[in-house]
Amino acid sequence: MPKNKLKHFAENVTFSNFLQPEIDDVINDFYLKGKWNSNFFKNNNPIVLELGCGKGEYTVSLARKHPNKNFIGIDRKGARMWRGAKTTVDEDLRNIAFLRTQIELTGKCFGKNEVNEIWLTFPDPQPKKKKASKRLTSPPFLEIYHQFLIPGSIIHLKTDNAGLFIYTLKIIEEYKHELIFQTKDLYNSGYEGDVMEIQTYYEKKFLKEGQKINYLQFRLNDIIHEA
């Protein structure tokens, strides 16, 4: 294992905002489930998740812009997450946490109506059909999100992958979720908001290569929330 990775893993343990529970501690319900506001952030501000956060570029940028919200970046690759966690500590940003765990287990980490918003920024498109259930906008994952999302919450998807974008639109239509906005060319869409102002390292690379960025917003339908 590269020395930098080992260094980052060791430093992650020292960050007060970096949580990496053992899988058994998550499967049996993480101790902060339903208590993130009261026991971690010590406020009642809305909670926003970035799932598959990587280096945490969106998590950190959103937290800087919205100090009245709490942001949690979730991923399973600790060496990547180190960058976001270190920036957070260096800048003394108190409205950020990083949780190292599998996204499949987020239903064990957050309680009912605990989360206000989800960002999916350039997730793995899982292009092979047999791995469709691993896409973060697949029905199994949406069923997980509904366990902790407040009804009416927005889910954002930003991706360079046209296949994942089209797949998600089909899921939204098939399951009668509410499509709020969609575009196949974000930076020529005239849209305004955070999604226009924050770009990840790879997104900048994609844009330089002439790739278009797909973006959509949707809400889960009430039937799922009542299930």
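We did not get these values from a lab; they are worked out from the coordinates using the rules stated. Values in this document were obtained by computation on a predicted structure and should not be read as measured data. Positions of Cβ are backbone-derived with ideal geometry, glycine not excepted, and every protein chain shown enters the neighbour counts.
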*Ratio of the range 67-138's C-alpha Rg to 2.2 N^0.38 Å, to two decimals?*
1.26
_Viscosity 0.692 mPa s, 37 °C: Kirkwood-radius Stokes-Einstein D of the range 59-203 over Cα pairs, µm²/s_ = 199
_Could you give each residue of the range 70-83 its phi-based ³J(HN,Hα) in whole Hz, using Karplus coefficients 6.51, -1.76, 1.60 with θ = phi - 60°, and x for Gly or Pro?_
9, 10, 10, x, 10, 7, 10, 9, x, 5, 5, 5, 3, 4
*asked:* Two decimals, Cα atoms only, Kirkwood Rh: what is Rg/Rh over the range 150-209?
replied: 0.98
*In units of 2.2 N^0.38 Å, what is the alpha-carbon radius of gyration of the range 1-76?*
1.21
*Express in whole angstrom the spacing between the alpha-carbon centres of the range 1-60 and the range 102-117.*
13
_Burial ranking of peptide ranges 149-161, 51-63, 11-23 (average Cβ count within 10 Å, highest at the top)_ = 51-63, 149-161, 11-23
_Debye calculation, C-alpha points only, no solvent: report log10 I(q)/I(0) for the range 41-81 at q = 0.19, 0.21, 0.30 Å⁻¹, in the same order as the q values._
-0.53, -0.62, -0.99
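Compute for the range 1-142: radius of gyration divided by Kirkwood radius, i.e. Rg/Rh, restricted to C-alpha atoms, rounded to two decimals.
With Rh from the inverse mean 1/r over Cα pairs, Rg/Rh is 0.95.
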*Rounding to the nearest 20 debye, state how big the charge dipole of the chain is about its Cα centre with +1 on each Lys and Arg Cβ and -1 on each Asp and Glu Cβ.*
780
